[in-house]
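Student: Pasting a structure below so you can have a look.
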Amino acid sequence: MKSDKGMSFIEIIITLFIVTVAVLPLLTSIGSTGRGVYSMGKHQIAGLVARSLLDRLMQLPFAECRNKCLELGSETLVTADADFARLSALIAFDAKDYDRMNFKVNVTDASTAEEQSLMFVIEVTVSWPVANSNTRRDLSFRAIKYETRI
Amino acid sequence: MKHAFKNNRQAFTLLELIVGLLIVMLIYASFSRIFSSSGQQIEKSSRMLELQGLLDSVEHCIREDVRKLKRVELSTEANPGRFCFMISDADKVVRLEYEFIAARKGILRRELSAGAPTSRMLGEGHILACVFEALVTDGQFKRLDLAMNLHVDSNAETADRDLSVIAHFTSRCTDPYLPWLAAP
């Protein structure tokens, strides 16, 4: 017997529900693209901060450089840095992109006493909070400081 | 006896249609909101990318030049919007000058070597403020500090985007700074 019945109401509702569920991951992927670009922006700013700090430390004389690195061994807000504060006062500076961005400097010594008097490794780590999350991301740059310029 | 034909082709009731339309409209409204916020997010992201590209090009250019700095020609005390120095590039001495041009919202890079001088604008139309500060101690160039405000304009849907940066640049091949020998 041929049935002339169309779809029932409940079938249409279920179809709509399935379509909605199927489209949602597509929309979240668009949102994740935005988060990716935001993260890339933070990476670039953090890279600039790390490069600048490393350059500042590398131009100091050997002993002074080592002392300064040890002094900056704990997590410090980028905006709390004295040079940063002094320079940011020169223009209408907007510090929102540096919100809760920290830096830290690690010193790694060579294995032997003789090598220790000639070089050490400086590692600058810059970290920032991930949006809508309690986690933090970071990037590090390393350089070797030599006692005499090579 | 004639068999009575039973018509079983029932249509939707008015109530079902109204409820169905309501659900479709709700879904449409939520989708359009999500799509529009996603569009704005993408627009904001593209502004951020534009700023990053600008920052990268300006910072990279200055860093590469200052790395080869041999001698400071004109320090920044008198005019913090201008910095002039000599570099040694491929066995020829080149005088470089960076100057913030407020009217063009950009940094002008002038290169003066033995041949014809060349110049190009960096970040034209996007740099709102720029301050150079050269640190010269005991006649020796230590580093160049830069504070800069970058800006990209808004469109109908998204707000302006600004980025403030502080950067330090050092040289690998400095000579003492002798201001009395500086070129005019």
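Student: Please pull out the direction-averaged projected area of chain B, using the convex hull of its alpha-carbon atoms, in nm² to one decimal place.
Tutor: Its average projected convex-hull area is 19.9 nm².
Student: Calculated FRET efficiency, A:LYS68 and A:THR28, Cβ-Cβ r, R0 41 Å, to nearest 0.05?
Tutor: 0.35
Student: If I fit a long axis through the Cα atoms of helix B:14-67 and take the longest principal axis of the Cα atoms of chain B, what angle between them do I get, 0 to 90°, rounded to 10?
Tutor: That helix lies at roughly 10 degrees to the long axis.
Student: If you don't mind, there's one more thing I want to ask. Rounded to the nearest 10 Å², what accessible area does B:ARG120 have for a 1.4 Å probe in the complete protein model?
Tutor: That residue has around 120 Å² of solvent-accessible surface.
Student: Quick one: which residues, 5+ away or cross-chain, put their amide H under 5 Å from the amide H of B:ARG143? H built at 1.01 Å from N.
Tutor: B:LEU135
Student: A further question on this structure: Per residue, how big is the convex hull of the stretch A:9-146 when only Cα atoms are used? Give it in Å³.
Tutor: Normalising the Cα hull of the stretch A:9-146 by residue number yields 146 Å³.
Student: How shielded is A:93-99 by partner chains, expressed as the average number of their Cβ atoms within 10 Å of its Cβ atoms?
Tutor: 4
Student: Kindly report, to the nearest 10 Å², the accessible surface of A:GLU64 as traced by a 1.4 Å probe over protein heavy atoms only.
Tutor: Per-residue accessible area (A:GLU64): approximately 100 Å².
Student: What FRET efficiency would be calculated for the residue pair A:LEU118, B:THR118, taking the C-beta separation as r and a Förster radius of 30 Å, to the nearest 0.05?
Tutor: Working: r = 43 Å, r/R0 = 1.42.
About 0.10, to the nearest 0.05.
Student: Calculated from DSSP H runs of 4 or more alone, at -39500 (n - 2.57) each and per residue, what is the 222 nm mean residue ellipticity of chain B, nearest 500?
Tutor: -11000 deg cm²/dmol
Student: B:ARG104 to B:GLN40: FRET efficiency via 1/(1 + (r/R0)^6), r the Cβ-Cβ distance, R0 22 Å, to the nearest 0.05?
Tutor: After rounding to 0.05, the efficiency reads 0.15.
Student: Continuing with this model, one more query. Treating only the Cβ atoms of Lys and Arg (+1) and Asp and Glu (-1) as charged, compute the dipole magnitude of chain A about its Cα centre; round to the nearest 20 debye.
Tutor: 480
Student: Enumerate the amide H contacts of B:ALA129 below 5 Å, restricted to partners 5 or more residues apart or on another chain; note that Pro and chain-start residues carry no placed amide H.
Tutor: Sorted by chain and number, the residues that satisfy this are B:ASN149.
Student: Going by amide H atoms built from the backbone, whose H comes under 5 Å of the H on B:LEU108, apart from near neighbours?
Tutor: B:GLU99, B:PHE100, B:ILE101, B:LEU122
Student: In this model, which of A:LYS104/A:LYS145; A:LYS42/B:LYS92; A:LYS104/B:LYS44; A:LYS145/B:LYS70 are farther than 27 Å apart at the alpha-carbon?
Tutor: Listed pairs above 27 Å: A:LYS42/B:LYS92; A:LYS104/B:LYS44.
The values are calculated or read from the model by the stated rules, or taken from the named source; none is laboratory data. Being a predicted model, the structure only gives us computed values, none of them experimental. Positions of Cβ are generated from backbone atoms using ideal geometry, with glycine treated the same way; all protein chains shown enter the neighbour counts. These area figures cover heavy atoms from the full protein model, side chains too; ligands, DNA and RNA do not enter into them. Shrake-Rupley method; radii C 1.70, N 1.55, O 1.52, S 1.80 Å.
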